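Structure, as structure tokens:
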Amino acid sequence: MRRTGRTLAALAAIGTTLALTPAASAQEVTPKFTLESESALGPNSFKTFTSFGVIVEEGTCPGGPASVESNGGFWTPVQLISMRGTFGKIGGTYTATLKCKDTTKAGTVTFQLTEPKPRTDPFLDKAEYAPGETITIHLDRGYKCGLDKLAHSEGFTEPAALTPGGTSTGYDLRGRATAVDKPGTYEAKIRCLQDSVVNTFTIKPKAATPPPGLGPKPPIVKPKGAPETGGGGTA
């Protein structure tokens with residue numbers, strides 16, 4: 001009886017080990033996946049604000065997907081039922097992270113987003129400004145533009161607030177900004193739904209002012225009727 005009891009205990013221990021082995025192995029699986037889109041420009045390179053799908057490699061996501069997130073590269077969250085989402089609007093390099101239900105590890109994919117070539121519709125009132133000068137903004141074709149209601153530039157002291165201009169089309173945008181003091185060439189950008197509108201402008205150097213007391217010297221005026229000082233005698 002003792003031998004039978006020991007045998008049963010040993011078999012139970014083996015069964016427990018076998019039952020736990022798959023679960024323990026599942027914890028070591030690193031999820032693997034790819035991003036696919038019709039807007040692909042190359043491997044892991046896509047156009048901004050386009051739809052994409054997440055393709056998970058079979059056998060690498062125990063329990064199924066728990067989340068697919070990014071550090072700013074997604075405009076809309078990935079829907080776990082369809083495994084589809086939309087890329088963000090701003091170009092740059094981002095990371096997508098896949099987490100699964102039955103593994104503690106996460107899979108990552110680094111991808112690049114490229115913005116479409118910007119439009120160049122003129123919206124600045126001039127091409128050159130003095131430091132501190134007011135910059136007037138008017139974008140005539142502003143349909144689906146200014147979604148954040150701002151015009152951006154490092155040449156502005158702060159982003160310029162945009163409001164509808166009130167024309168018959170109802171699509172123009174207007175605003176004002178102040179030029180920074182640092183001279184140079186800058187870009188001003190208004191973001192739109194599918195692209196951006198970009199203008200280039202210049203800020204002139206400040207006019208130099210002479211230090212006090214070093215202005216131009218007054219002209220020398222000779223007094224009238226001054227005596228002749230040349231040598232000579234009388235006849």
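What follows draws every value from the coordinates through simple rules; no lab data is involved. Just so it is clear, the structure is predicted and the values come from calculations on it, not from any experiment.
Before moving on, here are some points about what is shown:
- Computed Rg/Rh of the range 128-203, alpha carbon atoms with Kirkwood Rh: 0.98
- What the phi angles of the range 99-109 give under the Karplus curve with 6.51, -1.76 and 1.60, with θ = phi - 60°, is a coupling list of 10, 10, 5, 10, 8, 7, 8, 10, x, 10, 9 Hz, glycine and proline written as x.
- More than 14 Å apart - percent of Cα-Cα pairs taken over the range 87-138: 71 percent
- All alpha carbon pair distances within the range 58-123 were sorted into 10 Å bins beginning at 0; the resulting P(r) in whole percents reads 19, 42, 24, 9, 4, 1.
- Percent of Cα pairs exceeding the 21 Å cut-off, where the set is the range 45-199: 57 percent
- Entries of K32/K189; K101/K149; K105/K189; K126/K206; K47/K99; K144/K182 with Cα pairs more than 29 Å apart: K32/K189; K101/K149; K105/K189; K144/K182
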